[in-house]
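Okay, here's the structure, questions in a sec.
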Amino acid sequence: MPQSAVAPSDAPLLITQDGAVQTLTLNRPAALNAFTAELLTLLRQALDSAAADASVRAVVITGAGRGFCAGQDLNDPMTRPHPTPDAPDQHFGALLDKFYQPLALRLSSMPVPVLCAVNGVAAGAGANFALGCDLVVAAQSASFIQAFSRIGLLPDCGGTWLLPRLVGRAKALQLALLGDKLGAEEAQRIGLIAQCVPDADLAATVQSLAQKLAAMPTRALAQTRQAFDRAMQLDFDEALRIECQAQTELGRSFDFQEGVDAFLQKRKPAFQDR
Ligand code: T3D
């Protein structure tokens, strides 16, 4: 199916759609796709639109050029930790509240699966934004850097929550304190990401996974992510209660009925819920 482009090719964020899969490409390659206020705003708006658009059943996020995202753009005027005459209320807390927290929360509440195709280096908030996606697939030459400690900051964009949960406290602290580069193969080995593939296979692998997920019962997939995330903070009995609530809702869905009917009728299901 042909891809439809809905942003000019020099825009900081490119949006294309192939069937039910929407791809968002961070497009500031000269700065390794570092986040500016503009890019963060566009990304958040694009995710909001995808969430509200019934034709989108999976989202892929990737980067243009040799990097995925080098985190906060350190040249952006908003990277000033102190108030200025132009921005008397400026401090990092306000910037995180305005840009990074809503973005991380948007990712974690998407009604469809979000895949990240990490095509190159992912540093700072760029790394943690990637790790917040549901399925992270990286090219063999890609890498992950918790660059914050190198410049006197701590992991943000959900990093303090995600890292220990993904790789355990010891490894999370090693990554966050040292700020060393972690190659994609090692990232897969320690469970930081789902999969590492040869560079030449990245786009096709992720598109194929996205098309597969888009044809699945996406409401159940989103509920699975949400139940996993909540269960990490709950006792076992509370996690069982959440499973029960979510399963009650899913059991009443069109997709469940369709999945069972298709199985019994020995045909392919046509899922519709989101
Ligand atoms: O502001 C707030 O709200 C606080 C929130 C902070 C969240 C954060 O993300 S803090 C972390 C910010 N990111 C970094 O500290 C990473 C900085 N970049 C790097 O350490 C390196 O660029 C990399 C390790 C990622 C890649 O290294 P390398 O050698 O492959 O590339 P390079 O030559 O360093 O970068 C290529 C170009 O991209 C270069 O520009 P030039 O010289 O060719 O014109 C470089 O300046 C630019 N670039 C890379 N990262 C950033 C950047 N420009 C602006 N901001 C960047 N983060």
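Select the helices (runs of 4 or more DSSP H) contained entirely in the range 90-180, then report the ones holding at least 1 residues which are modelled with pLDDT of 95 or more and either touching a helix residue (DSSP H, G or I) at 6+ places or on another chain (Cβ under 6 Å) or within 14 Å of the ligand (Cβ to nearest atom) (or both).
Working: elements: 92-95, 101-108, 125-131, 159-167, 169-178.
Qualifying helices (runs of 4 or more DSSP H): 101-108, 125-131, 159-167, 169-178.
Any chance you could count how many residues in the range 180-212 are surrounded by 17 or more Cβ atoms within 10 Å (Cβ to Cβ) and farther than 26 Å from Val112 by Cα?
The number of residues fulfilling the criteria is 1.
Could you check Ala87 against (1) part of a loop (DSSP other than H, G, I, E, B); (2) in contact with a strand residue (DSSP E or B) (Cβ under 8 Å, 6 or more places away or on another chain) and say which number it fails?
(2)
Still on this model: Check off (1) under 23 Å from Val137 (Cα atoms); (2) out of contact with any Lys or Arg (no Cβ under 7 Å at 6 or more places or on another chain); (3) open to solvent by 80 Å² or more (accessible area, probe 1.4 Å) for Asp86 and give me the number that stays unchecked.
(1)
I'm trying to understand the selection: among the residues of the range 218-274, which are of a type outside the set (Asp, Glu) and touching a Pro at 6+ places or on another chain (Cβ under 6 Å)? Don't jump to the end; show me each part of the working.
Initial filter on the range 218-274 (of a type outside the set (Asp, Glu)): 218-228, 230-234, 236, 239-242, 244-248, 250-254, 256-257, 259-260, 262-272, 274.
If the condition is that a residue be of a type outside the set (Asp, Glu) and touching a Pro at 6+ places or on another chain (Cβ under 6 Å), then Leu221, Ala222, Gly259, Ala262, Phe271, Arg274 are the ones that fit.
Now a separate question. Which of the residues that make up the range 223-269 are of a type outside the set (D, E, K, R), closer than 20 Å to Leu213 by Cα and surrounded by 14 or more Cβ atoms within 10 Å (Cβ to Cβ)? Before the answer, list the steps.
Restricting attention to the range 223-269, the residues satisfying the condition of being of a type outside the set (D, E, K, R) are 223-224, 226-228, 231-234, 236, 239-240, 242, 244-248, 250-251, 253-254, 256-257, 259-260, 262-265, 269.
Those still in the list that are closer than 20 Å to Leu213 by Cα too: 223-224, 226-228, 246-247, 250-251, 253-254, 256-257, 259-260, 262-263, 269.
Passing the criteria: Gln223, Thr224, Gln226, Ala227, Ala246, Gln247, Leu250, Ser253, Phe256, Gly259, Ala262, Pro269.
Among all residue pairs at least 6 apart or on different chains, which show Cβ distances below 6 Å where the first residue, located in the range 242-266, is without any contact (Cβ under 8 Å) to a residue 24 or more places away in the chain and the second is of a type outside the set (D, E, K, R) and part of a helix (DSSP H, G or I)?
Ile242/Ala227; Ala246/Gln223; Ala246/Ala227
The values are calculated or read from the model by the stated rules, or taken from the named source; none is laboratory data. This one's a predicted model, so the numbers in the text were calculated from it and none came from an experiment. Positions of Cβ are backbone-derived with ideal geometry, glycine not excepted, and every protein chain shown enters the neighbour counts. Ligands, DNA and RNA are excluded from the accessible area calculation, which covers all protein heavy atoms including side chains. Shrake-Rupley method; radii C 1.70, N 1.55, O 1.52, S 1.80 Å.
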